Ligand SMILES: C[S@@+](CC[C@H](N)C(=O)[O-])C[C@H]1O[C@@H](n2cnc3c(N)ncnc32)[C@H](O)[C@@H]1O
């Protein structure tokens, strides 16, 4: 453990990456390395372009993905403390990251495009956040139905994913059907595959070649 400007830091080993965090941010969950590994597979066959990570927290999921399949990485998170750790974790891993500190619908330029989007939004319903007293509200509160930030991620994905690109969205274990229904409202986006994980689910969303943006 070490003292930082942000608090008392702990270090987690995340599939070989040394990830610093403290109790003001979400503790890295080992099973989420599966999102990194699947994202790396998608990156290897994706069109040219950088990777965008939404709701990156201290950055371990995106950092592991691009350490396995190197690409430029842009990370977005609203929490200043998480972004400070993300910068430290990226430097420690020797990976250059463009960190955008702020709300996901405010920190990207309209003309920015990404080949792969990794997203890990809060997904707990507001009524249930009390079940996770150790977790910061900003990291887990997904609104009345748990899907407010999923909806925000889908808007960003629709606006910024290139044709032929892939998005990998982490959700609650019982949310893939609801997410599939939300994705159906976007002409250009399709749910390609759902994988249930230890304590959540991963939803792969593709933008077809020739598919425009939903306006
Ligand atoms: C479920 S946590 C995931 C963090 C990290 N990926 C992890 O595995 O620990 C969700 C993250 O979303 C961030 N967040 C919440 N609302 C946001 C918003 N509107 N725009 C950008 N980030 C947001 C929180 O600060 C938090 O770091």
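Taking the criterion of being near the ligand (Cβ under 10 Å from one of its atoms) and assigned to a loop (DSSP other than H, G, I, E, B), the residues of region 122-142 that qualify are 122, 123, 135, 136, 142. Filtering region 50-84 to residues that are farther than 19 Å from residue 105 by Cα, more than 9 Å from the ligand (Cβ to nearest atom), outside any loop (DSSP other than H, G, I, E, B) and in contact with a helix residue (DSSP H, G or I) (Cβ under 9 Å, 6 or more places away or on another chain) leaves 63, 64, 65, 66, 67, 68. Within region 28-44, one or more residues are more than 12 Å from the ligand (Cβ to nearest atom) and more than 17 Å from the chain's Cα centre (by Cα). A count restricted to region 7-35 and to residues that are free of Cβ contacts under 8 Å to residues at least 40 places away in the same chain, assigned to a helix (DSSP H, G or I) and touching a helix residue (DSSP H, G or I) at 6+ places or on another chain (Cβ under 8 Å) stands at 1.
Quick check, is residue 145 away from the ligand (no atom under 14 Å from the Cβ), in contact (Cβ under 8 Å) with a residue 12 or more places away in the chain and out of contact with any helix residue (DSSP H, G or I) (no Cβ under 9 Å at 6 or more places or on another chain)? It is false that residue 145 is away from the ligand (no atom under 14 Å from the Cβ), in contact (Cβ under 8 Å) with a residue 12 or more places away in the chain and out of contact with any helix residue (DSSP H, G or I) (no Cβ under 9 Å at 6 or more places or on another chain). If I go through region 40-82 residue by residue, how many of them are touching a residue at least 24 places away in the same chain (Cβ under 8 Å) and under 18 Å from residue 100 (Cβ atoms)? Going through region 40-82 one residue at a time, the tally reaches 28. Scanning region 85-121 for residues that are within 10 Å of the ligand (Cβ to nearest atom), in contact with a helix residue (DSSP H, G or I) (Cβ under 8 Å, 6 or more places away or on another chain) and assigned to a strand (DSSP E or B) yields 101, 118, 119. When residue 155 is tested against the conditions (1) touching a strand residue (DSSP E or B) at 6+ places or on another chain (Cβ under 7 Å); (2) closer than 15 Å to residue 104 by Cβ; (3) surrounded by fewer than 16 Cβ atoms within 10 Å (Cβ to Cβ), the lone failure is (1). The sole residue among 30, 48 that is modelled with pLDDT of 95 or more and more than 15 Å from residue 118 (Cα to Cα) is 48.
The values are calculated or read from the model by the stated rules, or taken from the named source; none is laboratory data. Given the structure is predicted, the values throughout are model-derived calculations rather than measurements. Every residue, glycine among them, receives a Cβ derived from its backbone with ideal geometry; neighbour counts consider all protein chains shown.
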